[in-house]
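Working notes, beginning with the structure itself.
Nothing in this text is a laboratory measurement; each read-out follows from the coordinates by a stated rule. Since we're looking at a predicted model, the values are computed, not measured. Using ideal geometry, Cβ is built from the backbone for each residue, glycine included, and neighbour counts are taken over all protein chains shown.
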Amino acid sequence: MNVPVEPPFPHAFLEALRSSPGDPAFEQGDRIVSRGELLETIRRLAGAMHDAGLGPGRAVAVRTGVSPEAFAAHLAAHALGCRVVGMRPGYPEAHLAHVLGLGIDALLLDRSTVTPELLRAAGPVTLLSLGSCPSSVPAVDLLAGTGEGRPLVVAARTDDVAALSFTSGSTGRPKGCAITYRALGEHWSWQPRLWSPATAELAAGFGRYMLFGTLASMVVMDFLGLCLLGGGTAVIPDDDGRPLFPYAIERHRITGSIVTVPRLCAMLDLLRDEPVDVGCLRALMVSGSPLGPGRLAEAVDRLGPVVYQGYGQTEAGLISVLTPADIAAFPDDAPLSVGRPYPGVEISVRDEEGREVAAGESGEVHVRSPYLMSEYWGDPEETRDTLKDGLLRTRDLGHLDKEGFLHLAGRTRDVILVNAIVVYAGAVERVLSGHPDVAEAYVAGAPDELTGEAVHAFVVPAEGRAPDRDALAALVGDELGEGSVPWTITVLPSVPVAVSGKPDKRALLDLLDPRAL
């Protein structure tokens with residue numbers, strides 16, 4: 001019997017647009033872009049990209065702002081079968097040159113992203129633009145033509161690389177995680193036929209999805225796909241000079257969004273004093289780093305049963321989810337978890353020899369799923385070290401409990417060597433954030449003449465609390481041993497945030513008195 005072959009990505013998404021052409025897809029200020037209009041823009045851009053020489057196996061780097069046209073450009077390039085290379089904002093010129101040196105055929109930009117650094121890094125790469133650019137920029141405007149009536153046909157090849165999504169590049173050069181068209185065809189957010197009841201419920205919560213940040217982020221794109229395929233509208237908020245969280249939620253009646261821990265914590269602090277109405281929220285997915293138990297309890301108390309905790313990686317996509325129902329069922333004194341494996345994902349915890357350990361035992365988290373990356377682009381050695389027998393080493397430490405919930409304990413590479421003894425920053429953070437006086441805790445290592453490296457901790461107080469440094473140090477010593485006790489504990493009202501949206505540990509260390517280093 002012949003088994004029907006699912007057409008390559010993005011066929012299913014384009015068909016979803018065709019099925020409801022009058023429904024809104026994007027809202028940006030007073031502008032509403034229907035699904036039919038979005039589909040037509042994708043067709044036009046695909047035609048213009050084809051005329052510019054793009055097609056299966058060709059690579060287009062994308063560095064644009066967030067707009068309906070920018071999203072349409074991503075989908076148009078995918079329909080042509082291109083390798084779409086997302087470029088995050090904030091890259092220094094060396095990182096730009098590294099990315100653009102990975103076999104890129106064309107660079108797509110818009111007026112908001114043209115910088116001298118980007119143009120210097122681009123060198124001889126063909127420049128394409130969405131709209132007009134300064135006259136000094138020799139870019140082909142893809143929106144200037146009509147596409148000459150060329151039909152929109154998906155030419156993607158299943159085993160080709162569809163996207164390169166880069167790690168945040170906190171150390172060294174960013175690594176390009178290659179995602180194939182086959183993987184996108186089985187991806188949790190882009191295939192409603194694969195949705196579990198929990199995914200469908202999450203999609204319903206994203207009826208009005210706040211779209212911000214960068215389309216170079218797989219997380220942003222994943223939840224944009226979830227929103228649109230669930231019948232929702234992506235709302236691009238206007239900038240009124242105030243934080244998006246919570247003011248844009250109230251202003252645009254947002255029902256669903258993704259949020260990093262620092263942004264969520266800042267919102268919770270604002271909501272203590274500001275009467276901002278965020279009762280429209282139905283789903284708030286916290287990502288980027290685990291949320292401490294104190295902040296999680298505060299978020300649920302202030303926002304209601306709308307908080308999800310998502311754990312994932314650029315290499316693996318979404319790995320596990322802690323749902324509002326899970327949070328409600330956990331006892332107050334239970335260890336915090338990042339949830340159960342997402343449907344279709346297998347999680348195993350393994351020892352240093354690669355052997356799977358029993359529930360409750362700690363080790364390195366490994367993942368298997370249909371949408372893992374296929375390789376680190378151009379880095380076979382790192383690929384071999386990360387992907388083995390269909391399993392991806394996450395480099396995260398943790399354990400699975402008897403109910404199948406995953407608990408994280410830090411990064412294998414986020415270590416501090418104190419007198420040649422390994423101290424895991426994540427473990428110290430977990431102990432500190434578990435103290436009732438602490439809302440958030442972050443730990444970093446710095447060189448030390450006596451011990452090689454020293455542990456430095458930074459804590460944000462819980463509401464109305466004043467953390468006692470000696471008590472926190474004693475708690476760490478009791479649970480992890482004297483070698484893990486921070487050399488300094490700095491109390492801060494908030495933490496600096498990196499371009500990736502995660503806490504910036506380098507900036508935290510810069511806050512220390514040089515005499516403490």
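State the extension gain, in nm to one decimal, for the chain segment bounded by D389 and R411, taking 0.36 nm per residue of separation less the distance between their alpha-carbons.
Numbers: separation 22, 0.36 × 22 = 7.92 nm, distance 2.18 nm.
Result: 5.7 nm gained on full extension.
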Discussion item. Taking the alpha-carbon distance from K502 and a cut-off under 14 Å, which aspartates and glutamates remain once sequence neighbours fewer than 8 residues away in the same chain are dropped?
Written reply: E440
Worksheet item: Kirkwood Rh over Cα pairs of region 298-436 into Stokes-Einstein at 25 °C, 0.890 mPa s: D in µm²/s?
Response: 151 µm²/s
Worksheet item: If each of D510 and D23 carries a label point 7 Å out from its Cα toward its Cβ, how far apart are those two points in nm?
Response: 4.5 nm
Worksheet item: Taking R0 as 56 Å, what's the FRET efficiency between E15 and A329 from their Cβ-Cβ distance, rounded to 0.05?
Response: 0.90
Worksheet item: How big is D, in µm² s⁻¹, for the chain by Stokes-Einstein at 37 °C and 0.692 mPa s if Rh is the Kirkwood radius over C-alpha pairs?
Response: 136 µm²/s
Practice prompt. May I ask for the distance between the Cα centers of region 432-456 and region 462-496, given as a whole number of Å?
Written response: 7 Å
Worksheet, complete the sentence: Using the Kirkwood radius over Cα pairs of region 280-372, the Stokes-Einstein translational diffusion coefficient at 10 °C and 1.306 mPa s, in µm²/s and rounded to a whole number, is 110 µm²/s
Practice prompt. Can you list which of the trypsin sites (Lys or Arg not before Pro) found in region 331-404 are DSSP loop residues with at most 11 other C-beta atoms within 10 Å?
Written response: R355, K402
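Considering only DSSP beta bridges where both residues belong to the chain, give the percentage that are antiparallel (nearest 5).
Values: 51 of 86 bridges.
Of all bridge pairs located within the chain, approximately 60 percent are antiparallel.
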Worksheet item: How would you classify region 415-516 from its alpha-carbon gyration tensor, with a ≥ b ≥ c the square roots of the eigenvalues: rounded for a/c under 1.5, else prolate if a/b is greater than b/c, otherwise oblate?
Response: oblate
Fill in: Placed amide H near I319: partners under 5 Å, 5+ positions off or other chain
Y311, G312, Q313
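Let me have the 222 nm mean residue ellipticity of the chain computed from DSSP H runs of 4+ only, each contributing -39500 (n - 2.57), with the sum over all residues rounded to the nearest 500.
-8000 deg cm²/dmol
May I ask for the percentage of alpha-carbon pairs in region 399-448 that lie more than 12 Å from each other? Write down the numbers at each step before the final one.
Numbers: 828 of 1225 pairs.
Of all Cα-Cα pairs in region 399-448, 68 percent lie more than 12 Å apart.
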Worksheet item: Spin-label point model (7 Å from Cα, Cβ direction): what's the E201 to V491 distance in nm?
Response: 4.0 nm
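Helix hunt in the chain: which complete DSSP H runs extend at least 18 Å axially by C-alpha with mean Kyte-Doolittle at least 0.0? Mind dumping the intermediate values first?
Numbers: long enough: 35-51 (24 Å, -0.43); 261-273 (19 Å, 0.62).
Span-like helices, by this rule, are 261-273.
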Item to complete: Rounded to whole Hz and in sequence order, give me ³J(HN,Hα) for region 22-32 from the Karplus expression 6.51 cos²θ - 1.76 cosθ + 1.60, θ = phi - 60°, writing x for Gly and Pro.
Response: x, 6, x, 10, 10, 10, 9, x, 7, 8, 10
